[in-house]
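The structure follows.
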Amino acid sequence: MQKGNIGVTTENIFPVIKKFLYSDHEIFLREMVSNAVDATQKLKTLKAQGDFKGEEGDLTVRVTVDKEQGTLTISDRGIGMTAEEVDKYINQIAFSGVNDFLEKYQDKANAIIGHFGLGFYSAFMVASAVDIVTKSYQEGAQAVKWSCDGSPSYTLEETDKADRGTDVILHIADDCKEFLEQARIEALLNKYCKFLSVPVAFGKETEWKDGKQVETDKDHVINSVEPLWMKAPSSLKDEDYQHFYRTLYPMHDEPLFWIHLNVDYPFNLTGILYFPRIKSNLELQRNKIQLYCNQVFVTDQVEGIVPDFLTLLHGVIDSPDIPLNVSRSYLQSDANVKKISTYITKKVADRLQSIFKEDRKAYEEKWDDLKIFINYGMLSQNDFYDRAKDFALLKDVDGKYFTYEEYQTLVKDNQTDKEGNIICLYANDATEQYAYIEAAKDKGYSILLFDGQLDTPMASMLEQKWDKCRFTRVDADTIDRLIVKEDAKKCELTDEERDNLSEVFRSQMPSMDKVEFMVDLQPMGEGNQPVVITQNEYMRRMKEAGRYQEGMSFYMQMPDSYTLVLNTDHPLVKNVLEQTEQATAEELKPIASELRGLEARLQVLRQSTKDKKQEEIEQETKDDIANTEKAMQEQRNKKKDIVAACAAKNQVVSQLIDLALLQNGMLKGARLTNFLKRSIALIKQ
């Protein structure tokens, strides 16, 4: 029997392996099975080259659990090892110490995994001891047994083994007993080994017999699904791709279409990427790309490895240039992975471009599903905008589709304001904003439908990309001020009339949580609505941006700001003003007289102090100014109270306000009930 220490000067390598090489204990099984498959593949290569004269026989890799013995065994009938090979590949871990190791390899995943034996040593993450029983394929070879209890010391002795190949026996540690459970091991094999090129068997198939599930003699092969991405695209039909998608994602809708990747320069890459029907949900659809290395599962956490927007795709990427290591930090810093990411982005753009050119009608039918994916790509990656701008579409409220260039040409003549800016109007909800849309259509304007999760940030981006262009929601202002083509018509009301009319409606506006209303007066013509509610485009867009962008969340805390616009040309608004003036004339007359006197006094006081510094003004004068201003405010408050009391009795005021609220989906609760009662009462009159 040979005894010795593993070739490493540190007292114990195993804590290093556990802490730095692997981020999850479960991948030990991937390493064990991968080693077994590699040994089997090497035997097949030797056979094909004529260097192995024996019979291949059954090459299935077998995984078995013995709960009583506390062991998990991975067995293969590959090339096996001689005692010398065990010593070379298992015992000699060639680095001088922990610190040197970490310094040398912390950013080099390929180098780490490239060291013979390190994949095997992941077994000690879950095992208190490991035995290797192996016999080389070479004629007359002697079987040997290697044993190690998790310390640098090992034993290597001759043993009996009838057949070539290797058995790796893991004595599962007390804190890792989960890896003796059938269900746990089967789940891991399905995760990591589903597409391996050599059959991997775990247990037996079962069948229903005499009222219960019983085992048959047939092996339960984990990797019975053939990896479709390894086949030539020319040999596959649409049904093959669709069937494979259902195998990968059994609970998902059919994909829109797919891209078959196949490149061998400047790196090796195969795979199939599917465009799912993602609609408007960015979060639930992530982590559906499975990353493989030579058909061995690596990870499905691909954020940072591929561009963020590509994480919305589903499918498989397989490349021997991807290091077989689950550490995402290694993957993200790996140069080959970055090249692969760039290549996939280009392939995605090329595929979309070709579909758009070949069958635009079919492309438009898919656009509602594709939109969020393409928009996300353009928002998150500058170079993707340059690739996508020719096949990205805009959809109007009538369901017509336009490329960016087509749409700018369409609206240029009729929707350019007096400053030379093209104004693109949009609606978020064609039903709720119907009245605003119709008013815009009456002007001959085109209205886009922006009902997607990313449409608001897209509007901001397009304003930067397009020359002299602005996006405005169709309810952001009155119809004549959405696209200002000439100087606005002036309101002919006096300041006194404006103040009174504004206060009539302001005093009757409802109190809503996190909502504030302003009142504005505009002459909009007798044919337009008497009262309209608008919402400032800039503030609304900032609040929506606060949902997605870090550092802008404070906008979400600000109240929604709306403007109640009174049409001073409309007969109903004119009547309200006239009735208010008549009803309040006697009460307001002495207040108006008092205010005029106070204003005259304040003007004289300020005139007397205009050339003096603050410290030169007598205290008596300062007090006089303050008392006059206070008296004026008291009179104004009295005026507001009188106007508000009058407005409260005027049912037309409340009716007009409630109609505007109703149009914007803001009339609810008791106010809606009162509106219905008032409407019936007004109809009866």
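The values are calculated or read from the model by the stated rules, or taken from the named source; none is laboratory data. Quick caveat, the model's predicted, so the values are computed rather than measured. FYI the Cβ positions are ideal-geometry reconstructions off the backbone, even for glycines, and counts take in every protein chain you see. With ligands, DNA and RNA removed, areas are computed over all heavy atoms of the protein, side chains included. Shrake-Rupley method; radii C 1.70, N 1.55, O 1.52, S 1.80 Å.
Suppose only helical runs count, i.e. DSSP H with n ≥ 4. What mean residue ellipticity at 222 nm does that imply for the chain under -39500 (n - 2.57) per run, divided by all residues and rounded to the nearest 500 deg cm²/dmol? Present the calculation step by step, with values, prior to reporting the outcome.
On the way: 22 runs with 280 residues, N = 685.
Helix contribution divided over all residues of the chain: -13000 deg cm²/dmol.
Right, here's the next one. Around residue 518, which amide H atoms from residues at least 5 apart in sequence, or from another chain, sit under 5 Å from its own amide H, with H modelled in the peptide plane?
Under 5 Å from the amide H of residue 518: 562, 563, 564.
Hey, another quick one. Tell me which residues come under 5 Å, amide H to amide H, from residue 524 once H is placed; ignore anything under 5 positions away on its chain.
Those lying under 5 Å, H to H, from residue 524 are 568, 569, 570.
Would you kindly state how much longer the chain becomes between residue 218 and residue 491 on full extension, computed as 0.36 nm times their sequence separation minus their alpha carbon distance, in nm to one decimal?
Details: separation 273, 0.36 × 273 = 98.28 nm, distance 8.98 nm.
The span from residue 218 to residue 491 would gain 89.3 nm if fully extended.
Turning to a different aspect of this structure: Ignoring ligands, DNA and RNA, how do 470, 596, 606, 678 rank by accessible area with a 1.4 Å probe, largest first?
On the way: 470 95, 596 145, 606 120, 678 35 Å².
Solvent-accessible surface, decreasing: 596, 606, 470, 678.
Relative contact order of segment 163-300: what whole-number percent is it, with Cα pairs under 8 angstrom and at least 6 residues apart?
Values: 144 pairs, mean separation 25.1, N = 138.
So the answer I get is 18 percent.
Counting Lys +1, Arg +1, Asp -1, Glu -1, what net charge surrounds residue 184 among other residues with beta carbon under 13 Å of its beta carbon?
On the way: positive: 67, 177, 191; negative: 26, 178, 181, 186.
Neighbour charge sum, excluding residue 184 itself: -1.
Residue by residue through segment 212-218, which ³J(HN,Hα) values in whole Hz follow from phi under the Karplus form 6.51 cos²θ - 1.76 cosθ + 1.60 (θ = phi - 60°), with glycine and proline marked x?
Coupling constants for segment 212-218: 7, 7, 10, 6, 9, 8, 7 Hz.
Over the C-alpha atoms of segment 535-685, what are the Rg and the largest Cα-to-Cα span, Dmax, in Å?
22.9, 68
Now for a separate question. Order the following by accessible area, largest value first: 622, 209, 668. Probe radius 1.4 Å; ligands, DNA and RNA are ignored. Each step should come with its number before you reach the end.
Working: 622 65, 209 105, 668 145 Å².
Largest accessible area first, the residues go 668, 209, 622.
Work out how much length residue 210 to residue 413 would gain on full extension: take 0.36 nm times their residue separation and subtract the Cα-Cα distance, in nm to one decimal. Let's see the in-between values first.
Values: separation 203, 0.36 × 203 = 73.08 nm, distance 8.00 nm.
Residue separation times 0.36 nm, minus the Cα-Cα distance, leaves 65.1 nm.
Starting from 0.36 nm per residue, how many nanometres of slack lie between residue 536 and residue 353 once their C-alpha separation is accounted for?
Numbers: separation 183, 0.36 × 183 = 65.88 nm, distance 3.69 nm.
Taking residue 536 through residue 353 to full extension adds about 62.2 nm, to one decimal.
Once you put a point 7 Å from the Cα of residue 67 and another 7 Å from the Cα of residue 231, both along the Cβ direction, what distance in nm separates them?
If labels sit at residue 67 and residue 231, their model points lie 4.0 nm apart.
Given contacts defined as C-alpha pairs under 8 Å and at least six residues apart, what's the relative contact order of segment 545-685, whole-number percent? All intermediate terms of the calculation are to be shown ahead of the outcome.
Details: 53 pairs, mean separation 30.0, N = 141.
Value for segment 545-685: 21 percent.
Under 14 Å from the Cβ of residue 204, count the other residues' Cβ atoms, weight Lys and Arg +1, Asp and Glu -1, and hand me the total. Present the calculation step by step, with values, prior to reporting the outcome.
Details: positive: 62, 209, 218; negative: 186, 205, 207, 215, 217, 219.
Its environment carries a net charge of -3.
Please give the net charge around residue 644, taking every other residue with its beta carbon less than 13 angstrom from that of residue 644, where Lys and Arg add +1 and Asp and Glu add -1. Display every interim value, and only then the final one.
Values: positive: 506, 636, 638, 639, 640, 649; negative: 499, 503, 587, 641.
The answer is +2.
Using modelled amide H (1.01 Å from N, peptide plane; none on Pro or chain starts), what sits under 5 Å from the amide H of residue 477, excluding residues fewer than 5 places away?
So residue 477 has HN proximity to 535.
How high is the FRET efficiency between residue 88 and residue 389 when r is their beta carbon distance and R₀ equals 56 Å, given to the nearest 0.05? Please report the intermediate quantities before stating the final value.
On the way: r = 57 Å, r/R0 = 1.02.
It comes out at approximately 0.45.
Per 10 Å bin, what percent of the C-alpha pairs of the chain does each bin hold, from zero upward?
Calculated over all Cα pairs of the chain, the distribution is 2, 11, 16, 15, 13, 11, 9, 9, 7, 4, 2, 1, 0 percent.
Which whole-number percentage describes the relative contact order of the chain, with Cα contacts under 8 Å and a sequence gap of 6 or more?
8
For the pair residue 602/residue 516, report the inter-label distance in nm, with labels modelled 7 Å from Cα in the Cβ direction.
2.2
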